[in-house]
Amino acid sequence: MTSFRYLAPATRADATAALAAPGAAPLGGGTDLLVTIKERIAAPTELVDLRRLPGARDITVRDDGGIRIGSAARIADLAAHPAINVNFAALAQAAASVGTPALRNMGTIGGNLGQRIRCWYFRRDLPCWKHGGAECLAWKGENQYHAIFGRGPCHAVHPSDPAIALTALEATVEIAGANGATRTITMAELYDGAANNRDGETTLADGEMIAAIELPAESAGGTQYYEKVMQRGAWDFALTSLAAVRRTDGNVRLVLGGVAAAPYRVNESIEEDVASGGLDGDSIDALAERALYDAEPLSQNGYKVWQAAALLRRAMTTLGTARA
Ligand SMILES: Cc1cc2nc3c(=O)[nH]c(=O)nc-3n(C[C@H](O)[C@H](O)[C@H](O)COP(=O)(O)OP(=O)(O)OC[C@H]3O[C@@H](n4cnc5c(N)ncnc54)[C@H](O)[C@@H]3O)c2cc1C
């Protein structure tokens, strides 16, 4: 394990100034970052602990019913928060499905969104595409847990459960950078180009950090849930998962996890067909098939297409059989 300096800034300005130094990395609960250092796939020289920043752990319900979540809020606090459970149940369920109680109590939402891929070639520091190799080793190798959407170059899937729910809930991400600059991006923008990025899976620039996540009032309530298929009944990463949301304005959002380098939102025209309601069994089968039309499973993960179809059919039955 390489040595590093630990910093615990008390203000956001100090944190972003510290993060601007070459080799600095944001630290949440450390449940992934410290493992990647030990695995020798990360070698930061300074760890900038964000948990002591003012408001970093706060979960604040706004007057309009939306919620602001500080980036260092623990996964366990999201899972247990009353307003998140009542109005953003898909997120509460996704948070509750993360790993073990110990991980949920230590891990933060910022770190969960920033965690690295779980691909075994990458984690074992083999010369895969992300480590500078010519091609993805999973592409022709052991790929049962890899992506069915996207053509690489990296075929790993993003491991975060909360990211799938946050995408369906159309959350936005507040990014803080040097000199007090902030910008707000969508979840899709956060993971844009994840399969093409050798340095990480997010679009954060060096020196930037996730400061907060905003859940919009428009996504509160309605019918929503998160469903996760795992290989084991106990803790595990998702083989496939789905966040399904029918908002109070009737709009539907369907986002698959475990199938791509980033949360995979199904084609909007399919969401619109589900929103218009009145679906019968045949139309649900046809829509699920259409949603997965672009899937290109690898040699060992064709089962994910069937799993995703089952998750979609169930969601379409729940959200799409009532008349709009
Ligand atoms: C055994 C095991 C099982 C797991 N199972 C699941 C699971 O089922 N579902 C799931 O979703 N996750 C799972 N995880 C991942 C776990 O949830 C993450 O390790 C955790 O959420 C990371 O949070 P952290 O605060 O400890 O992040 P850290 O380890 O502190 O950081 C992780 C990464 O994010 C960066 N980072 C941290 N905070 C910020 C920020 N505010 N802004 C920008 N970048 C930041 C760090 O620099 C680092 O690169 C599992 C992990 C393990 C070890």
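The values are calculated or read from the model by the stated rules, or taken from the named source; none is laboratory data. None of the values given here were measured: they were computed from a predicted structure. All Cβ positions, glycine included, derive from the backbone under ideal geometry; neighbour counts span all protein chains shown. Only protein heavy atoms, including side chains, enter the accessible area calculation; ligands, DNA and RNA are left aside. Shrake-Rupley method; radii C 1.70, N 1.55, O 1.52, S 1.80 Å.
A residue that is in contact with a Gly (Cβ under 7 Å, 6 or more places away or on another chain), in a loop (DSSP other than H, G, I, E, B) and open to solvent by 20 Å² or more (accessible area, probe 1.4 Å) cannot be found anywhere in the range 140-156. If you check Phe149, Phe122 for being touching a residue at least 60 places away in the same chain (Cβ under 8 Å), among the aromatic types (Phe, Trp, Tyr) and within 16 Å of the ligand (Cβ to nearest atom), only one passes: Phe122.
Consider the range 251-270 and keep the residues that are in contact with a Leu (Cβ under 6 Å, 6 or more places away or on another chain) and more than 25 Å from Ala156 (Cα to Cα). The one that is nearest to the ligand (Cβ to nearest atom) is Val252. Whether any residue in the range 242-250 is at positive phi and away from the ligand (no atom under 16 Å from the Cβ) is what I want to check. Yes, that holds for at least one residue. Per the listing Ala25, Ala42, Ala18, the residue uniquely out of contact with any Phe, Trp or Tyr (no Cβ under 8 Å at 6 or more places or on another chain), buried (at least 19 other Cβ atoms within 10 Å of the Cβ) and closer than 25 Å to Gly99 by Cβ is Ala25. Scanning the range 164-186 turns up at least one residue that is within 14 Å of the ligand (Cβ to nearest atom) and without any contact (Cβ under 8 Å) to a residue 12 or more places away in the chain. In the range 92-108, the condition of being open to solvent by less than 10 Å² (accessible area, probe 1.4 Å), near the ligand (Cβ under 10 Å from one of its atoms) and more than 24 Å from Arg232 (Cβ to Cβ) is met by at least one residue. Of the residues in the range 65-72, at least one is away from the ligand (no atom under 15 Å from the Cβ), within 24 Å of Thr182 (Cβ to Cβ), touching a residue at least 12 places away in the same chain (Cβ under 8 Å) and open to solvent by 20 Å² or more (accessible area, probe 1.4 Å).
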